[in-house]
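A short worksheet on the structure shown next.
The values are calculated or read from the model by the stated rules, or taken from the named source; none is laboratory data. This is a predicted model, so every value here is computed, not measured. Positions of Cβ are backbone-derived with ideal geometry, glycine not excepted, and every protein chain shown enters the neighbour counts. Quick note on the areas: whole protein, heavy atoms, side chains included, nothing else; ligands and nucleic acids left out. Shrake-Rupley method; radii C 1.70, N 1.55, O 1.52, S 1.80 Å.
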Amino acid sequence: TLIPTDYSVHNIYPNPFNPVATISIAIPEYDKISIHIYDFNGRLAAALLNEYLNPGYYSITWDAADAASGIYFAYVDFGSKSISRKLTLIK
């Protein structure tokens, strides 16, 4: 099994999406990972993950069936590093 060499968030797909998007991440070492989705106004729309994970590659899905169409931001926190990505929900 390959171990990533750096923390990363790959492209979120599909994007734009309706209603499910997949967030793929790479983790090089055992660490606490959290993924939160915020709407354009900065309100928390979903908390997808908040746990310790082993090194490797992971795919986390967000089912936004109950969310309104619009622009959202996924924030992935890896210990001391944070990466954000923009998502567009079109219904």
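Among the residues of segment 37-91, those that are more than 23 Å from residue 26 (Cβ to Cβ), open to solvent by less than 80 Å² (accessible area, probe 1.4 Å) and of a type in the set (A, V, I, L, M, F, W, C) comprise 45, 64, 65, 67, 68, 71, 89. Would you check which residues across segment 50-70 are within 24 Å of residue 7 (Cβ to Cβ) and assigned to a strand (DSSP E or B) and list them? Answer for segment 50-70, where residues must be within 24 Å of residue 7 (Cβ to Cβ) and assigned to a strand (DSSP E or B): 50, 51, 52, 53, 56, 57, 58, 59, 60, 61, 62. Of all residues being free of Cβ contacts under 8 Å to residues at least 60 places away in the same chain and under 9 Å from the mean Cα position of the chain (by Cα) in segment 11-29, which is nearest to residue 53 (Cα to Cα)? Just the residue, please. So the residue we want is 25.
Restricting attention to segment 17-44, the residues that are assigned to a loop (DSSP other than H, G, I, E, B) and over 19 Å from residue 90 (Cα atoms) add up to 3. Taken as a whole, the structure places residue 47 among residues that are hydrophobic (A, V, I, L, M, F, W, C), in contact with a His (Cβ under 7 Å, 6 or more places away or on another chain) and either within 19 Å of residue 5 (Cα to Cα) or in a strand (DSSP E or B) (or both). Within segment 1-36, the residues that satisfy the criterion of being surrounded by 14 or more Cβ atoms within 10 Å (Cβ to Cβ) and of a type in the set (Phe, Trp, Tyr) are 7, 17. Criterion first (at pLDDT 95 or above and farther than 20 Å from residue 7 by Cα) does residue 74 satisfy it? Spelling it out, it is not the case that residue 74 is at pLDDT 95 or above and farther than 20 Å from residue 7 by Cα.
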